[in-house]
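Down below is the structure, laid out as structure tokens.
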Amino acid sequence: MPTANLAPSYIEPSHLADALRSHGFGVLSPTGLASFIGCPLSVLESLKADWDDLPPDTFLKDGGRYRRRRHSCFIVDGQSATQVAHRPHYQPLQYNALHGGMLRLFEPLAAHTVAQPVWSTLLRNIARVCADVKGERPWYVEAHQFRIDTTHGIGRPTPEGAHRDGVDFVAILLVGRENVSGGESRIFDANGPHGQRFTLSEPWTLLLLDDHRVIHESTPIQPTADGGHRDTLVLTFRAGGFLEMP
């Protein structure tokens, strides 16, 4: 018998910084996200087709063929959001025991995606919340487009398990999910036993995490019909520079 998904508790956009301070995370509904960035949801919907053209992730150490992705980097400084030269993605082993310790060079985000005005608006508005919590500074942003698909069976959004990303803040936007079950978001206090779980099921729901305070993961997804997949946009915000290989 299928288990009902537990919905997240949405907050008002004006309370997002307070939620990060008090709980280490906050969730905006799709209408809340639209209000947060000052754009109708139809503008975000215009980006969805880009997830149909993601190259395979060839770095999966578990031998899986369930993940497709693109990756690009930006610096947000006040009202400026600038894409930097294409660079590999790196995480130390202490944050990613499965895929850490190596340089992973993915195909960049499509130029027409980054050129959309909503793109820089989204980066700037999330950076403003980061600044509200930890002070004004340039934010080094890594953007990851993910598709987890079930063509070959179970798909794993976080094959490394519950983890931190080694940054200051992590934004996870659900772009869409089709013909799948699972994919529950689980958030744990990094220094205690407390946790939360819920499923992001509405497209353009935003989950924003304080990466110093919480550990997060998403459970595997299973197909319920052909073409099952889960699409997300993950944006990490870090002060002081991008993570670099020593």
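Here the gap between Glu136 and Ala97, fully extended at 0.36 nm per residue and compared with their Cα-Cα distance, gives a gain of 10.9 nm.
Less than 10 Å Cβ to Cβ from Thr236, Lys/Arg counted +1 and Asp/Glu -1: what total charge do the surrounding residues give? Every neighbour counted, the sum reads -3.
For the range 31-111, the relative contact order comes to 23 percent (Cα pairs under 8 Å, sequence separation of at least 6). Packing-based ranking of 22-29, 159-166 yields 22-29, 159-166, ordered from highest to lowest mean Cβ neighbour count within 10 Å. Each of Thr31 and His212 was given a label point 7 Å from its Cα along the Cα-to-Cβ line. The distance between the two points is 3.5 nm. For the pair Asp18 and Gln79 in one chain, pulling the backbone fully straight at 0.36 nm per residue adds 19.8 nm over the alpha carbon distance. For the range 120-182 versus the range 192-246, the inter-centroid distance based on Cα atoms is 5 Å.
In square angstrom, what is the accessible area per residue of the chain with a 1.4 angstrom probe? Present the calculation step by step, with values, prior to reporting the outcome.
Values: 11030 Å² over 246 residues.
Result: 45 Å² of accessible area for each residue.
Using C-alpha pairs under 8 Å with a sequence gap of at least 6, the mean separation divided by the residue count of the chain gives a relative contact order of 26 percent. Once the Cα-Cα distance is subtracted from the 0.36 nm per residue extended length, the Val114 to Asp62 segment shows a gain of 15.6 nm. Expressed as a whole percent, the accessible surface of the chain that belongs to carbon and sulfur atoms is 51, based on a 1.4 Å probe.
The values are calculated or read from the model by the stated rules, or taken from the named source; none is laboratory data. All values reported here derive from a predicted model rather than from experimental measurement. Cβ atoms come from the backbone with ideal geometry, glycine included; neighbour counts cover every protein chain shown. For the accessible areas, the whole protein counts, side chains as well, though only heavy atoms, and no ligand, DNA or RNA atoms are used. Shrake-Rupley method; radii C 1.70, N 1.55, O 1.52, S 1.80 Å.
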